[in-house]
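S.K.: One structure follows; several queries about it will come next.
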Amino acid sequence: MAKNTDKLTGVQKAAILFITLGPEAAAKIIKRLPETDIQKITYEIANITSVKSEQRMEILNEFIEINKAKDYIKEGGIGYARDVLSKALGPQRAMEILNKVTEATQQYRPFAIARKADAHQLLNVIANEHPQTIALILCYMQSEKAGQIISSLPEELQSDVAYRIATLSNISPMVIKEIEKVLDGKLSSVVRSDATTMGGVQTLVDILNRVDRNTEKNITEGLEREDEELAEKIRQSMFVFEDIISLDDVSIQRILREVETKDLALALKGATEEVSNVVFRNQSKRAAASLKEDIEFLGPVRLMDVEKAQQKIVAIIRRLDDAGEIVISRGGEDAIIV
């Protein structure tokens, strides 16, 4: 019986796992991964817009089962792990888990995403490709899946593809990689429906706000190489004006020295009372009184102008943070000890 996660790649499963675990737990795990894996996973997190609840549970259970299998293998080897898992989950499920555990140690095999797609989905993507391309892709598919696809091709195309499979040899690795890249792009664009909205930029921002500075920098730089617009959107969401209340008084006072009075007045015009009070508290009584007068003198203002002023202040905050003159606490290595 097909599962809700059968069509997902390992990277997509990891991204959904981190979303399911929540930002605190995800941040602790993700910063320990290799940089290349971090970039791939965080890119997926930022681009996931919906996940089925069934998928979340299946991936979480799979994560738990695979880790148990690894422990059993360490304890008594493959045979011991198979016996224990078979008693608990049945022989078929036990073999599925053990295959996944050993899969990571095997050499890279092309068309991994296509191998996880169902036959109907893959057929829709490759049906209009050149017969030679179809033949090459089918050579890397499971025999059952390849049989289903070739049976569904137009009769005049079936024998052509079959002949090319039989005579296929000496294909350049570069050609294989290029075809795989195009195919992966087409498969990843398939829209999945009947899902709960989650993931996306805000989920990634929540995670990044809890990792150390180096991890954040590695991820954002990697995302910038992959998708510059997405990286900028994440940067803009990393610290919002209202988050100023989370800063210590010394940092706020340092920030206020960089901010022009007119921008501060405009920014506070649309701020909450809590944010305004934090700013007033970190000024002299005279400066705070003067700022309050400036805010009242502004009268009605456009929301767009308020947001623009707040963004200018956020840019100053991030610049000072990057320069090490203030600290935006992210937990872990950036935790503040008083």
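Here is a yes/no grid of residues against (1) more than 20 Å from residue 319 (Cα to Cα); (2) part of a loop (DSSP other than H, G, I, E, B):
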site: 219; (1), (2): no, no
site: 224; (1), (2): no, no
site: 242; (1), (2): no, no
site: 283; (1), (2): yes, yes
site: 304; (1), (2): yes, no
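S.K.: Take the residues in segment 166-225 that are modelled with pLDDT of 70 or more and of a type in the set (Lys, Arg); name whichever of them is least open to solvent (accessible area, probe 1.4 Å).
M.R.: 186
The values are calculated or read from the model by the stated rules, or taken from the named source; none is laboratory data. Keep in mind that this is a model prediction, so the values were computed, not measured. Side chains are part of the model used for accessible areas, which takes the heavy atoms of the whole protein and leaves out ligands, DNA and RNA. Shrake-Rupley method; radii C 1.70, N 1.55, O 1.52, S 1.80 Å.
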